[in-house]
Amino acid sequence: MLSGYATLGLFLPDTARTSDLLNNVNEDAQALFPNVRGTGPSVPAGTVYDAFKASYVAAWQDDASAYSYTAHAYDAAWMLIYGFAWAEYQEDGLASGLTLARGLRKLSAPGVTAEDQVPVRPSSWNEVKASFSDGAAVNLLGASGQLDYDPVTEETTGPIDVWVIEGGEFVVEEVV
């Protein structure tokens, strides 16, 4: 049944890069591994990620880098919390889609140097609240990396791994 795929390249999405793919497929599927290529976010690096990863291990006894988007989801949760904080201090406590969106726009500040970035972690909560209380924006450094949103497109950028499977392991072939 799988022989029809023997000469085809197989491209897998971001979330396929898990141990389940390597460990829970039959031999016929494993024979196709040389044809497999995929992409996913690069595993982050830096002190904010290291602190997140240690906290993740303590809470879940698992490696956060084994899953795509774990650090990104952590950052997204904190960004939502920060949006609520903006609404509390600058929108008369009214939490709505509009006021949270306004708060999210205050998570990138032009002209902020790397030294002035606020790391996304619980110990930075009071610093973010103080900035928002003053009506000031903050620039975040997340567990997933830079969270500096483009003011026009409202997008961020980040490195993407292009991976293959070699010797029963994921190997990063290229970072784009």
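In this structure, Asp50 does not qualify as among the charged types (D, E, K, R) and in contact (Cβ under 8 Å) with a residue 12 or more places away in the chain.
Scanning segment 126-156 for residues that are surrounded by 11 or more Cβ atoms within 10 Å (Cβ to Cβ) and β-branched (Val, Ile, Thr) yields Val128, Val138, Thr156. You will find that of Thr157, Thr153, the residue that is polar (S, T, N, Q), out of contact with any Lys or Arg (no Cβ under 7 Å at 6 or more places or on another chain) and over 22 Å from Pro119 (Cα atoms) is Thr153 and no other. Contact map, segment 1-22: residues that are under 18 Å from Ser42 (Cβ atoms) paired with residues that are aliphatic (A, V, I, L, M) and not in a helix (DSSP H, G or I), Cβ distance under 7 Å, separation 6+ or inter-chain. Pairs shown: Leu12/Val36. Taking into account only those residues within segment 104-125 that are farther than 22 Å from His72 by Cβ and among the charged types (D, E, K, R), which is surrounded by the most Cβ atoms within 10 Å (Cβ to Cβ)? So, considering only residues that are farther than 22 Å from His72 by Cβ and among the charged types (D, E, K, R), the one surrounded by the most Cβ atoms within 10 Å (Cβ to Cβ) is Asp116.
Matching residues to (1) surrounded by fewer than 14 Cβ atoms within 10 Å (Cβ to Cβ); (2) modelled with pLDDT under 95:
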{"residue": "Glu27", "(1), (2)": "yes, yes"}
{"residue": "Ala31", "(1), (2)": "no, yes"}
{"residue": "Thr47", "(1), (2)": "yes, no"}
{"residue": "Ala54", "(1), (2)": "yes, no"}
{"residue": "Ala58", "(1), (2)": "yes, no"}
{"residue": "Ser68", "(1), (2)": "no, yes"}
{"residue": "His72", "(1), (2)": "no, no"}
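Out of Leu100, Leu32, Leu8, report the one residue that is touching a helix residue (DSSP H, G or I) at 6+ places or on another chain (Cβ under 7 Å) and within 27 Å of Glu154 (Cα to Cα). Walk me through it before giving the result.
Details: Leu32 fails: within 27 Å of Glu154 (Cα to Cα); Leu8 fails: within 27 Å of Glu154 (Cα to Cα).
Checking each option against the conditions leaves just Leu100.
Candidates Glu155, Glu115, Glu174: the one that is in a strand (DSSP E or B) and either out of contact with any helix residue (DSSP H, G or I) (no Cβ under 8 Å at 6 or more places or on another chain) or without any contact (Cβ under 8 Å) to a residue 24 or more places away in the chain (or both) is Glu174.
Restricted to segment 85-110, and to residues there that are among the small types (Gly, Ala, Ser) and in a helix (DSSP H, G or I), the residue that is nearest to Val138 (Cα to Cα) is Gly103. So which of Tyr82, Tyr49 is more than 26 Å from Ile160 (Cα to Cα), in contact with a strand residue (DSSP E or B) (Cβ under 9 Å, 6 or more places away or on another chain) and assigned to a helix (DSSP H, G or I)? The conditions single out Tyr82. Filtering Ala101, Ala64, Ala87 for residues that are loosely packed, with under 14 Cβ neighbours inside 10 Å and hydrophobic (A, V, I, L, M, F, W, C) leaves a single hit, Ala101.
The values are calculated or read from the model by the stated rules, or taken from the named source; none is laboratory data. Not measured: the values here are computed from a predicted model. Glycine also receives a Cβ, built like all others from the backbone with ideal geometry; neighbour counts cover every protein chain displayed.
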